[in-house]
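Read through the structure below, which is laid out as structure tokens, and then see the notes.
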Amino acid sequence: MLSIPEREAKIHMNMFRRPPMTLVRGKGARVEDSDGKSYVDCVAGIAVDALGHGHSGLAEVIAEQAKKLIHVSNLYYSEPQVKLGEMLINSSGLDRLFFVNSGAEANEGAIKLARKWGIQNRDGAFNIISTDNSFHGRTMTTVAATGTPAYREPFGPPTPGFEFVPFNDFDALKQKVNSETAAILLEPIQGEGGVNEPDPDYLKQVRDLCDSEGILLILDEVQTGCGRTGKMFAFQHYGIMPDIMTLAKGLGGGVPIGAVLASEKAAVFQPGDHGSTFGGNVLACAASEYVVDQILNQGVLETVNQRANYLENKIEQLEDRSDLVVGQRGKGLLKAIILRDEISADVVGKCIAAGLLANPIRPNAIRLMPPLIVTEDELDDAFEILETVLKEFE
Ligand SMILES: *Cc1c(COP(=O)(O)O)cnc(C)c1O
């Protein structure tokens with residue numbers, strides 16, 4: 001009988017490099033494969049499984065909602081959509097929102113919104129300045145907005161209107177802005193780019209620049225939002241407000257959902273401008289309402305901050321014990337361990353074999369983004385594996 005990887009190899013387009021096991025269940029920050037082997041999950045579906053795996057409260061909400069209604073379309077009102085929307089508006093301080101299904105779709109919506117705003121309010125301006133090494137999604141326009149040329153080059157002419165500057169280089173950004181600029185698009189901390197944090201005053205400077213130039217600031221919080229960095233939204237670390245913000249990844253705790261939030265000024269969509277069949281689907285909103293309530297009101301945000309300290313100390317200790325670890329980047333439970341050598345893929349391969357899921361985000365950096373409810377015990381196990389594996393490379 002063929003294994004799942006062997007059957008998959010016959011039918012799927014080859015887009016992912018997967019390790020040779022099949023995950024079948026999980027509990028908290030642990031997952032189990034079809035052979036019954038257990039792994040500490042420090043990937044969490046790429047910062048998606050906010051409440052971990054096998055969460056009975058979340059499962060119950062999904063089951064209960066599925067029995068009532070799974071989907072009714074945006075042609076009709078639904079209570080979970082409004083309740084979730086109110087929580088996101090109240091916790092962000094932004095004014096209006098709409099729902100989508102993914103990060104790329106959220107950024108598509110944000111880009112459309114900013115372009116319409118610029119065309120109406122800035123004399124036809126529609127250019128958006130993005131940053132090198134950014135990641136905003138895989139659709140044709142979000143790859144055009146993504147500062148990783150390899151993601152866009154095989155696919156012909158990109159959507160026009162995007163320019164790039166180095167991340168965390170305020171002078172370069174300032175020089176790029178002109179009368180054709182409608183908006184600046186940034187991740188508060190670059191996730192896929194390698195967990196790159198800006199200088200503490202960078203986002204404030206960018207905010208002031210947007211105000212003085214009369215352009216919009218779009219923050220892509222698809223990865224950094226929903227409690228991941230220790231605040232509900234990463235911008236709250238920096239004392240600023242975006243004009244537009246996108247969310248997805250952790251928002252539904254694994255159920256696909258995204259959102260675009262905007263200030264009143266930037267909320268220029270009218271009936272007919274935009275829409276989605278599934279976006280804000282009642283099942284996804286019910287799940288997300290539960291997840292967001294857990295994060296904001298049931299102690300998960302406090303847990304993130306406590307475990308973030310623990311994680312930071314764990315990485316420091318590893319740095320003391322291994323010459324191969326030379327530092328760390330990131331905030332909250334979005335972290336990269338920086339290695340002296342470009343061995344992250346090999347290290348992660350051996351970690352997986354030893355029972356730890358981690359992500360080789362750069363040749364010399366391993367990204368850790370465990371569920372927000374990860375325990376100290378789970379992190380202890382993760383670091384025991386990391387230390388053992390790193391010894392093999394010394
Ligand atoms: C993952 C990610 C996206 C894309 O999200 P998808 O749901 O995969 O489309 C966009 N922006 C950032 C910052 C991300 O981390």
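The values are calculated or read from the model by the stated rules, or taken from the named source; none is laboratory data. All of these numbers come straight from a predicted model, not from anything done at the bench. Glycine gets a Cβ as well: all are built from the backbone with ideal geometry, and neighbour counts include every protein chain shown. Protein only, heavy atoms only, side chains kept; ligands, DNA and RNA dropped before computing areas. Shrake-Rupley method; radii C 1.70, N 1.55, O 1.52, S 1.80 Å.
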(request) Quickly rank 79-85, 149-155, 181-187 as a protection proxy: mean count of other C-beta atoms within 10 Å, highest first. (result) 181-187, 79-85, 149-155
(message) For K331, give me every one of the aspartates and glutamates with a C-alpha distance below 12 angstrom, ignoring sequence neighbours fewer than eight places off in its own chain.
(response) E197, E312
(request) For region 79-158, report the convex hull volume of the alpha-carbon atoms normalised per residue, in Å³, without decimals. (result) 117
(message) Ignoring everything except DSSP H segments at least 4 long, calculate the 222 nm mean residue ellipticity for the chain; use -39,500 (n - 2.57) per segment, divide by total residues, nearest 500.
(response) -12000 deg cm²/dmol
(message) Accessible area per residue for the chain in Å², computed with a 1.4 Å probe and the full protein assembly in place, what is it?
(response) 45
(message) Can you tell me what percent of all Cα-Cα pairs in region 270-322 are more than 11 Å apart?
(response) 77
(request) With label points built 7 Å along Cα→Cβ from the Cα atoms of E312 and K204, find their separation and express it in nm. (result) 1.8
(request) Let me know the charge dipole size of the chain about its Cα centre in debye, to the nearest 20, where only the beta-carbon of Lys, Arg (+1) and Asp, Glu (-1) is charged. (result) 980
(request) Enumerate the calculated ³J(HN,Hα) couplings along region 58-75 in order (Karplus 6.51 cos²θ - 1.76 cosθ + 1.60, θ = phi - 60°), each rounded to whole Hz, writing x wherever the residue is Gly or Pro. (result) 5, 4, 5, 4, 5, 5, 5, 5, 4, 6, 8, 8, 9, 7, 10, 5, 6, 5
(message) Could you give each residue of region 361-373 its phi-based ³J(HN,Hα) in whole Hz, using Karplus coefficients 6.51, -1.76, 1.60 with θ = phi - 60°, and x for Gly or Pro?
(response) 6, 9, x, 10, 9, 10, 8, 10, 8, x, x, 5, 9
(request) Just add up the charged neighbours of V165: K/R +1, D/E -1, any other residue whose Cβ is under 10 Å from the Cβ of V165. (result) -2
(message) Taking the 0 to 90 degree range and rounding to the nearest ten, how far is the long axis of helix 376-393 tilted relative to the main principal axis of the chain, both from C-alpha atoms?
(response) 70
(message) Taking 30 Å as the cut-off for C-alpha to C-alpha distance, list the pairs among K10/K68; K204/K249; K67/K112; K116/K176 that go past it.
(response) K10/K68; K67/K112
(message) Can you classify region 155-275 as rounded, prolate or oblate using the Cα gyration tensor, where a ≥ b ≥ c are the square roots of its eigenvalues, rounded means a/c under 1.5, and otherwise it's prolate if a/b beats b/c and oblate if not?
(response) rounded
(message) Only bridges whose two residues both fall in the chain count here: according to DSSP, what percent of them are antiparallel, nearest 5?
(response) 65
(message) Nearest 5 percent is fine: what portion of the DSSP beta bridges confined to region 69-297 is antiparallel?
(response) 40
(message) I want to verify a result. In a Gaussian network model of the chain, Cα cutoff 10 Å, which of these has the top mean-square fluctuation: I89, I189, I11?
(response) I11
(request) Give me the Kirkwood hydrodynamic radius of the chain, using the inverse of the mean 1/r over all pairs of distinct Cα atoms, in Å to one decimal. (result) 21.8
(request) Quick one: net charge around M245, please, counting Lys, Arg +1 and Asp, Glu -1 for every other residue with C-beta under 12 Å from its C-beta. (result) -4
(message) If you average the alpha carbon positions of region 303-357 and of region 362-394, how far apart do those two centres end up, in angstrom?
(response) 5
(message) Helix 202-213 against the longest principal axis of the chain: what's the angle in degrees, Cα atoms only, rounded to the nearest 10?
(response) 10
(request) Would you mind calculating the relative contact order of the chain from Cα pairs under 8 angstrom and at least 6 residues apart, reporting the percent as a whole number? (result) 22
(message) I need the phi-derived Karplus couplings for region 87-101: 6.51 cos²θ - 1.76 cosθ + 1.60, θ = phi - 60°, integer Hz, Gly and Pro marked x.
(response) 5, 6, 5, 5, 7, 9, x, 7, 10, 9, 8, 9, 10, 9, 10
(request) Compute the separation of the alpha-carbon centres of region 134-199 and region 65-100 and state it in Å as a whole number. (result) 29
(request) Provide the descending list of Cα extents for region 69-297 along its principal axes, expressed in whole angstroms. (result) 51, 36, 35
(message) Explain nothing, just the number: relative contact order of region 69-297, from Cα pairs under 8 Å at least 6 residues apart, as a whole percent.
(response) 30
(message) Counting only protein heavy atoms and a 1.4 Å probe, tell me what percentage of the chain's accessible area is made up of carbon and sulfur.
(response) 50
